[in-house]
Structures are given as C-alpha cells and as structure tokens.
Amino acid sequence: MTIDLLTEFDLDTVVRIEQETFSVPWTRKMFRDELEGNPFASLLVSREAGVIVGYVCYWVIFEELHIMNLAVVTDYQRQGIANAMMSHAIAHACANGAHTAMLEVRVSNVAAVAFYTRLGFQKIALRYRYYVNPVEDAMILRWRSLEIKNDAHTLDGQEAVSG
Ligand SMILES: CC(C)(COP(=O)(O)OP(=O)(O)OC[C@H]1O[C@@H](n2cnc3c(N)ncnc32)[C@H](O)[C@@H]1OP(=O)(O)O)[C@@H](O)C(=O)NCCC(=O)NCCS
C-alpha cells in the first residue's frame, strides 16, 4: 500500500468511490474546491498495486485536526488502510501545531464509530438531525490529546499549513 497526496488526476476514481460509499456524496466540485481553494485542507489517497482504494480529506486549523471525509473501498476494508491514512493526517497536524481532533459521524455508522474510537476519539455530543438522506443525528467525536502513532510522518511535498 502507498499513500500520496491526491491530485486532480485522481478525481475520477475518488468521485466514483465517494458515490458508491455515501448516500449524500461529495461532488467533484467539492473535492476540487478542497484541493485548489482551501489552504487548510489536505487530501490523501491510498493505493494498492497502483489502484486507489481509499482517501481522506482533512483540515488543520490552528490547534485542531478536523476529519472531513474518509473512505476505503469495501473489498479493502479491515486491512489497516484507514488507520495508515489517519496516521499521516495526525503526523501532519501535529507537525503544524494541532493537538486536538474532531469529526462528525452518523450515529448508525457503527464501523466508523468503532474505527475512530479505537484510534483515540471519544463521543462528546450529538447534533440532532444533522444529516439528510436519511435524516439522522450526528455524533461528534473529539480526540483531546493527539498522539503520533507508529512511525507515521508527513508526506513528501506536503507543505506547512498556511493561515
Ligand atoms: C470507517 C472506514 C474508513 C474504516 O476503514 P478501514 O480501512 O477498514 O479501517 P482499518 O482497517 O484501518 O481499521 C482499524 C481498526 O478500526 C476498527 N474497525 C474498522 N472497521 C470496523 C468495523 N467495520 N467494525 C468494527 N471495528 C472496525 C477495528 O478495530 C480495526 O482494527 P482490526 O481490523 O485489527 O480489528 C471504512 O469502514 C469505510 O470506508 N467505511 C465507509 C465510509 C465511512 O463510513 N467513512 C467514515 C465517515 S465519518
């Protein structure tokens, strides 16, 4: 498995995985806006044998890492791919001064809640009827004291967060 910065050449595949994964998928424009127009955003892709099997979009805003989007193709789940991408995100965030992390997840998303809890996130609140299609509450998860795990490091070409 490799992990690289997402480029515009990856967008077709990432948008297809996004559509297969989520009931309210991000559009190509949303990915492109994050890639080109948001100085706080980073996007990574993971590949197996050169084929994209997962991606993450996150923001590092001052002291906080915010996970915006994360997916791994079904056939490649439970192989540590999301964990590896999160390790890079956490290392990048810590290198830029972040010490907490936050995200929202559907309350019914048992897999994601288990994944984030295992990493170190804890439930801090619910946002009532936050999601549509279907309408559902969001669980807000926070990791109060980020730690770099394993030998994770930032990626070549990954710049310090500006702003
Ligand atoms: C959540 C998701 C990204 C996890 O990706 P993944 O690559 O399978 O996760 P990993 O293999 O790195 O899992 C690491 C650990 O998290 C936990 N975990 C991951 N998926 C789990 C599941 N379905 N059930 C229970 N625990 C799970 C396990 O402890 C796992 O370690 P183990 O396999 O040794 O038991 C993946 O299930 C996914 O893409 N889901 C659909 C999209 C989604 O829900 N994204 C998050 C939106 S906020």
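Rule-based calculations on the coordinates, nothing more; no lab input. Only a predicted model underlies this, so the values are computations on that prediction, with no experimental measurement involved. In this analysis, Cβ positions are derived from the backbone assuming ideal geometry, glycine residues included, and neighbour counts consider all displayed protein chains.
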Practice problem: For segment 48-157, run through the GluC sites (Glu not before Pro) and keep only the ones in DSSP coil with at most 13 other Cβ atoms within 10 Å of their Cβ. | Solution: Glu63, Glu147
Practice problem: List the residues whose amide H sits under 5 Å from the amide H of Met68, counting only those 5 or more places along or on another chain, with H placed 1.01 Å from N in the peptide plane. | Solution: Cys57, Tyr58, Trp59
Self-check item: Inverse of mean 1/r across different Cα pairs in the chain, Kirkwood, Å
Solution: 16.1 Å
Self-check item: Value at 222 nm in deg cm²/dmol, rounded to 500, when DSSP H runs of n ≥ 4 in the chain each add -39,500 (n - 2.57)
Solution: -8500 deg cm²/dmol
Quiz item: Which whole-Hz ³J(HN,Hα) couplings does segment 20-29 yield from phi under the Karplus relation 6.51 cos²θ - 1.76 cosθ + 1.60, θ = phi - 60°, glycine and proline marked x?
Solution: 6, 9, 10, 6, 10, x, 4, 8, 4, 4
Exercise. Sort out the exposed loop trypsin sites (Lys or Arg not before Pro) in the chain (DSSP loop, at most 13 other Cβ within 10 Å) and tell me the longest stretch that has none.
Key: 1-77
Self-check item: Normalised contact order of segment 1-131, rounded percent, pairs of Cα under 8 Å and 6 or more residues apart
Solution: 19 percent
Quiz item: What share of Cα pairs, in percent, lie more than 20 angstrom apart in segment 63-135?
Solution: 35 percent
Quiz prompt | For segment 35-104: Kirkwood Rh in Å [reciprocal of mean 1/r, alpha carbons] | solution = 12.5 Å
Practice problem: Determine ³J(HN,Hα), in whole Hz, for all residues of segment 116-121 in sequence, where each value follows from phi through the Karplus function 6.51 cos²θ - 1.76 cosθ + 1.60 and θ = phi - 60°; x replaces Gly and Pro. | Solution: 5, 5, 4, 5, x, 6
Exercise. Could you point to the residue in Ala114, Ser23, Leu6 farthest towards the positive end of the chain's charge dipole, with +1 and -1 charges on the Cβ of Lys/Arg and Asp/Glu respectively?
Key: Ala114
